[in-house]
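To start, the structure itself, in structure tokens.
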Amino acid sequence: QVQLVESGGGLVQPGGSLRLSCAASGRTFSRYTMGWFRQAPGKEREFVATINWSGGGTRHADSVKGRFTISRDNTKNTVYLQMNSLKPEDTAVYFCAASSHTILIYSPLGYDDWGQGTQVTVSS
């Protein structure tokens with residue numbers, strides 16, 4: 001089991017940037033595929049991005065491609081989500097998740113452990 005704690009959310013104007021961090025506990029962090037998901041009020045949780053154990057493989061949802069970038073630092077047990085050119089429709093609670101699978105995972109069902117989430121609000 002991995003404990004995950006997100007940080008970095010907040011209120012930002014359209015066109016602005018934020019960087020989310022997800023700190024993980026446990027010695028085996030580097031073995032996990034990691035993902036970011038988001039959930040807006042009244043909507044289902046949706047895939048945002050995923051990264052494999054080494055950081056050499058990543059995938060981003062079409063809605064954020066070219067604006068968001070997932071990365072990880074295994075020496076710090078941390079995964080990041082750099083979010084640029086933010087839009088009001090990016091407003092949601094953002095969750096990070098860990099999967100024991102070795103492949104990239106797009107479905108929330110493939111993840112074993114979740115953080116508590118961090119709120120991102122994009123508004124003028």
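The values are calculated or read from the model by the stated rules, or taken from the named source; none is laboratory data. Here the structure is a predicted model, which means the values were calculated and not measured. Backbone-built Cβ (ideal geometry, glycine too); neighbour counts: all protein chains shown. Note: areas computed on protein heavy atoms with side chains; ligands, DNA, RNA excluded. Shrake-Rupley method; radii C 1.70, N 1.55, O 1.52, S 1.80 Å.
Please give the residues of the range 13-54, grouped as numeric ranges, whose backbone N is less than 19 Å from a label point set 7 Å along the Cα-to-Cβ vector of ASP73. Residues passing the 19 Å test: 18-32, 34-36, 51-54. In summary, the lysines within cross-link reach of LYS87, defined as a Cα separation below 24 angstrom excluding same-chain residues under 8 places away, comprise LYS43, LYS65. Per-atom-type breakdown for the chain gives carbon and sulfur 48% of the accessible area (1.4 Å probe, protein chains only). With the Kirkwood sum run over all distinct C-alpha pairs, the range 1-82 has a hydrodynamic radius of 13.5 Å. Highest average first, the peptides 65-75, 95-105 ordered by how many other beta carbon atoms sit within 10 Å of their residues are 95-105, 65-75. Karplus-derived 3J(HN,Hα) values for the range 25-39, using 6.51 cos²θ - 1.76 cosθ + 1.60 with θ = phi - 60°, are 9, x, 7, 9, 3, 5, 8, 8, 6, 10, x, 10, 10, 9, 9 Hz; glycine and proline are entered as x. Kirkwood-type hydrodynamic radius, the range 41-124: 13.7 Å, calculated from all non-identical alpha-carbon pairs.
On full extension of the chain, what length is gained from THR58 through GLN3, given 0.36 nm per residue of separation minus the C-alpha to C-alpha distance?
Fully extending the segment from THR58 to GLN3 adds 17.6 nm.
Taken along the Cα-to-beta-carbon direction at a fixed 7 Å, the label points for ILE103 and SER25 span 3.2 nm.
Normalised per residue, the accessible area of the chain is 51 Å², obtained with a 1.4 Å probe and no contribution from ligands, DNA or RNA.
Distance between the pseudo-spin-label points of SER17 and GLN119 (7 Å out from Cα toward the beta carbon): 2.5 nm.
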